[in-house]
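Here the structure is laid out as structure tokens; the discussion comes afterwards.
The values are calculated or read from the model by the stated rules, or taken from the named source; none is laboratory data. Worth saying up front: this structure is predicted, and the values here are computed from it rather than measured. Virtual Cβ from ideal backbone geometry, glycine too; neighbours counted across all protein chains shown.
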Amino acid sequence: MTDSLHNLIEPPALIGHFLTHPPEGFPAFKVSGVPAFSTKFDLLTTMEPEERRKLEALPFHGWWRRLLRPHTCFIGATVSEYGLMPTHLSPDDFIADLLQKAKEFSFLIVKDIPSDPVLVGESTHGYVQAFVSASQRAGFVMVEGQALAYVPIDFTSTDEFLARMSKSRRKDITRKLKQASAVEIENVATGDARFMDEALLDEFYALYRNVYDQSEIHFDLLSPEFFRAVLQDPANGGVVFHYKVEGKLIGYNLCFVHNGMLLDKYVGFSYPMAREHNLYFVSWLHNLQFALERNLTHYVAGWTDPEIKRHLGASFTFTRHAVYIRNPLIRHALRPFKRLFESDSQWHESAHS
């Protein structure tokens, strides 16, 4: 049923690979036909690093920190931009099923609910709005989520896209691109014969781990088996952009073309060469050019690094999480602190103040 879900903007095959090969420590299953997973969720995951470090400096950190890792059910998949909802159930019936499932967990979270129709369409947005209203009546707490970056492909060339920026920003990006002129780019579709090479698959996973390990936020660790399944699948609409210098792979970007959009999902970088060649900037402009040449409507650039993506010309659409806490005392006690977990919305407010 993954091909008939509200908020699904990815190829259904990607969800299938997630269910078969879920991230480490994240058992995957379905609730009302909707992908879901469970984990011991660290409630400080999305807190601003500075605020998190202050808390971790408090006495008895090792003891009380365990209390902030409740057994949690997430509705959605870590490989989908949005939390997913059924098309065959009304919002009220879906919520009734969720409340039944919530009896098994300390927390149940419908993650990444879109706040506007820009990427999901008006019909789905209507369902989402009805779900949000019904979930609040049922005792869910709405928590502001992350900022999803995207670029509408409403320009005729990347030069036109850059021309919309301020002179200083355009100059910075152009300079970085000139410094990266030695980078060779190759587009390879998933299912290509070279992805049968175990050595290449190992290299791809090692580059993915490079990025994962240096990230400040650690949530889902995808497995080598997941990447193997995705890269060897010829029918999922995937394309891998290889970035090489003098024949050596210094990075890649795994994207998907679906429903007229280019979805940027995973990167792998070899440090420090990826930084020395400004690979982040190179891949951004390459992705825009790729989407432009194929008459796509949007480039969807993901959740992380909103500040640098704003610098590169991204727009943002925000999400909310519908959180149900089984214990009513904890539910009441945590309400005043939910602002601490809304770092992206606070970033957006400060960036536009």
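Before moving on, here are some points about what is shown:
- Residue ID - farthest from Ile325 (Cα to Cα), chosen from residues in region 86-106 that are polar (S, T, N, Q) and in a loop (DSSP other than H, G, I, E, B): Thr87
- Residue in region 214-223 that is out of contact with any Phe, Trp or Tyr (no Cβ under 6 Å at 6 or more places or on another chain), of a type outside the set (Phe, Trp, Tyr) and closer than 21 Å to Phe290 by Cβ present: no
- Only one entry of Val118, Val128, Val151 meets the criterion of being among the β-branched types (Val, Ile, Thr), surrounded by 21 or more Cβ atoms within 10 Å (Cβ to Cβ) and not in a helix (DSSP H, G or I), and that entry is Val151.
- Any hit, region 90-99, residues being within 30 Å of Asp305 (Cβ to Cβ), in contact with a Gly (Cβ under 9 Å, 6 or more places away or on another chain) and among the hydrophobic types (A, V, I, L, M, F, W, C): no
- Total residues in region 58-92, condition of a type in the set (A, V, I, L, M) and at pLDDT below 60: 2
- The residue of region 210-225 that is nearest to Asn253 (Cα to Cα), among those that are free of Cβ contacts under 8 Å to residues at least 40 places away in the same chain and surrounded by 12 or more Cβ atoms within 10 Å (Cβ to Cβ), is Tyr212.
- Scanning region 78-101 for residues that are buried (at least 20 other Cβ atoms within 10 Å of the Cβ) and among the hydrophobic types (A, V, I, L, M, F, W, C) gives Val79, Leu84, Met85, Phe94, Ile95, Leu98.
- Counting only residues that are out of contact with any Ser or Thr (no Cβ under 6 Å at 6 or more places or on another chain), over 17 Å from Val211 (Cβ atoms) and modelled with pLDDT of 95 or more, region 221-244 holds 7 of them.
- Enumeration of residues in region 179-195 that are hydroxyl-bearing (Ser, Thr, Tyr) and either touching a residue at least 40 places away in the same chain (Cβ under 8 Å) or surrounded by 14 or more Cβ atoms within 10 Å (Cβ to Cβ) (or both): Thr190
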